[in-house]
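The values are calculated or read from the model by the stated rules, or taken from the named source; none is laboratory data. The structure displayed is predicted, hence computed values, not measured ones. For neighbour counting, all protein chains shown are included, and Cβ atoms are generated from backbone atoms with ideal geometry for every residue, glycine included. Surface areas here come from the heavy atoms of the whole protein model, side chains and all, with no ligands, DNA or RNA. Shrake-Rupley method; radii C 1.70, N 1.55, O 1.52, S 1.80 Å.
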Amino acid sequence: MGYEPTKCHDKLSGATPPLLPICDQLPAAPYHCADLVNENPAMHNYCAAFYDPNNPDTDRYIYAPVSTPACVKKDSNGNIVAYQYFPPGDVLDGCDDLRAKDRSWNLNACYCCCGCFAYGTMVAVASGSFKAIEQIAKGDEVLAGTPSAQDGGDTKITWTPTEVTLSQGVAGGDNPVMVYLAFGEDEKTGDIVCSCDQVFILASGRIITAEKLQVGDQLVDKDGNPVTLRTVAIGSYKGGVHHIATKSPENLSLDGHLLLTSGVVVGDYYLQLHFEQLPKDWKHEEIDARPELGTPAYDEKHSALNASARVLFGERPELGTNRIQVQNGVFHVYTSEPAYLGMDWCSLLTPDQAVDILEKGTQSPLSNPVPKSMVSHLFHIFSGFYPDFVFYLDWYQMEPNVYAITTFDRKVIVVTGGLARMDGFGYEGMAMAIAHGIARFSGTEPLGEHAHTGTGVADYYAFAMISRTIWYAPYWMDYVSPAYQQMKALFGQISADNAKGNPNDVVNEPSVAGRLKAMQSGAGGGGLPEEVGGPPLPRIALQSVDATTEQVTLTLSLAPSASEATIVDNYVITPDATISSATQDSNKDFIIHLATQLEQGKTYSVTIRNLHSLVGSKVDPEHQTLEFTVD
């Protein structure tokens, strides 16, 4: 089922209370929260958690409300009058700093809905060659197809160089509900990893989504020739995903919205988003009658093709294991095999960190039953969401900690009484401490010791996904901010030596500062920080300079935040030239116009500095300066 932005807005505004995006209330907001959802692996994981293959109504999967913290200023009537952007990894601290100066600033929840190709998927570009999808930027040209005629049942397509108007993706992470397709003949085969709602065009000229494809369907190549689908699988994909779109989605048709990827013709992202709105006679004749991949009905219908894995359909004997290396990642076919074997454990705090907190903090007495009741209540809540876990309170253990243990094939979370009784560590913080233990079993990479999710990665996952699972959307912000402040205060009792972590093993032993950044980034809709094992964020690079005597135009690799883009001190022209203003291009926000006075024919250099991208990355020091000559 495709994603419809209008339907998303209707569902959010119809909730009680309404869950309106901030950008609907304040048109000058610099970004839409949907951009963060599209770029954040944890958000993909959160949305995928709602997927139920046995439920024909997938609205709750696609349109589950996702909240992201935003820092806003409200007037006396409660109306939003100003918005301050902070990178996701700094949003909680940044907004608290603003509130300390002006109490009309506060954290507010911004809502959007859940709704791509794997990295390395090759796309035909205007030059006649191919380019990996993640390397295609907004403004680049790709070959876009338009169905022109049918000849003998085969679809014919006309190709035209067309500008890319949207390019977004996730650099890496776990994508739980993806489709693997292999196609072609023995001497010429190809494969694709994509989302369930990716659009494909068939040899009949009709379109269909990946989740409705079946072995034997005829896809088409660049010339409209049929390409036989040989293998269909559903599973999880660990790697980068990306999507692009060409023309405006207004008056949407197939014309100019077809792309050539990995040798077959597919729909662009706009066609994917608006699939449900397209006329029924454009779609496969039996699309409504076909069962969806991953459902028992699909399994039953195609059981004759069932290979070694439960939901791998087709003939691929080389796939003896359920692990397929594709593009820039690994696709794991879903099976019923247990995720973890043996006995092992990991913890919220290292032994030395726990001793620091025990010595510097204070605990309520064992006779106080309130902490025990609080933890018991949280165990009941978590048991409902995570019924395959065993939760245990070791009340008499003085050391403050949470342990994630695998024993007898059971996943056990142990909370010590020492942590439950810590003064200043309350309900919200304890919930995220338990969530950290659950996150250790999530399989989210990078993995640490005993195949558990890394320490800081578990912090990130707890705030990014588990917090949004246990706390319903309208009230999520009321809990997640105090939870972070309590974790921050708890970690503040760790000595400097034990807080610095191990720079040679940030996955297992990240610094306390890195862990706090991971928590904020998880809540704030950002990616996994480098400090805890995340991939390096793409930095802002100065790509080209055009200049006249009165204006210098800079083209950057990434758009800087709107608040920083207009600060003239963030740009330096040498020899000295006064910059009177800096403006962000109204159509392409990665282009900056500097107003100045320069001499014709003279050579200058310009340097960018102190800029941050939407996801918080800084300027690339190796690509921040360029020379130019004034026309």
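What number of residues in the stretch 536-565 are surrounded by 15 or more Cβ atoms within 10 Å (Cβ to Cβ) and assigned to a loop (DSSP other than H, G, I, E, B)?
Residues in the stretch 536-565 being surrounded by 15 or more Cβ atoms within 10 Å (Cβ to Cβ) and assigned to a loop (DSSP other than H, G, I, E, B): 7 in total.
Among 45, 106, 77, 54, which is at pLDDT below 55 and open to solvent by 30 Å² or more (accessible area, probe 1.4 Å)?
54
Look at the stretch 167-209 and say how many of its residues are in a strand (DSSP E or B), open to solvent by 30 Å² or more (accessible area, probe 1.4 Å) and modelled with pLDDT of 80 or more.
Going through the stretch 167-209 one residue at a time, the tally reaches 2.
Taking the condition modelled with pLDDT under 95, under 30 Å from residue 425 (Cβ atoms) and under 24 Å from the mean Cα position of the chain (by Cα), does residue 536 pass?
So residue 536 fails the test.
Considering each of 212, 138, 156, 131 in turn, give the residue that is touching a strand residue (DSSP E or B) at 6+ places or on another chain (Cβ under 8 Å), among the basic types (Lys, Arg), closer than 30 Å to residue 290 by Cα and at pLDDT 75 or above.
Result: 156 is the single residue among 212, 138, 156, 131 that is touching a strand residue (DSSP E or B) at 6+ places or on another chain (Cβ under 8 Å), among the basic types (Lys, Arg), closer than 30 Å to residue 290 by Cα and at pLDDT 75 or above.
Looking at 333, 355, 390, 326, which one is out of contact with any helix residue (DSSP H, G or I) (no Cβ under 8 Å at 6 or more places or on another chain), within 29 Å of residue 238 (Cβ to Cβ), surrounded by 13 or more Cβ atoms within 10 Å (Cβ to Cβ) and modelled with pLDDT of 85 or more? Give the derivation first.
Values: 333 fails: modelled with pLDDT of 85 or more; 355 fails: within 29 Å of residue 238 (Cβ to Cβ); 326 fails: modelled with pLDDT of 85 or more.
Selected residue: 390, the only one of 333, 355, 390, 326 that is out of contact with any helix residue (DSSP H, G or I) (no Cβ under 8 Å at 6 or more places or on another chain), within 29 Å of residue 238 (Cβ to Cβ), surrounded by 13 or more Cβ atoms within 10 Å (Cβ to Cβ) and modelled with pLDDT of 85 or more.
To keep it simple, each residue is scored yes or no on (1) of a type outside the set (Val, Ile, Thr); (2) under 22 Å from the mean Cα position of the chain (by Cα); (3) within 16 Å of residue 349 (Cα to Cα).
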position: 470; (1), (2), (3): no, yes, no
position: 481; (1), (2), (3): yes, yes, no
position: 490; (1), (2), (3): yes, no, yes
position: 494; (1), (2), (3): no, no, yes
position: 509; (1), (2), (3): yes, no, yes
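Would you check if residue 531 is open to solvent by 60 Å² or more (accessible area, probe 1.4 Å), under 23 Å from residue 629 (Cα atoms), more than 17 Å from the chain's Cα centre (by Cα) and not polar (S, T, N, Q)?
For residue 531, the condition - open to solvent by 60 Å² or more (accessible area, probe 1.4 Å), under 23 Å from residue 629 (Cα atoms), more than 17 Å from the chain's Cα centre (by Cα) and not polar (S, T, N, Q) - is not met.
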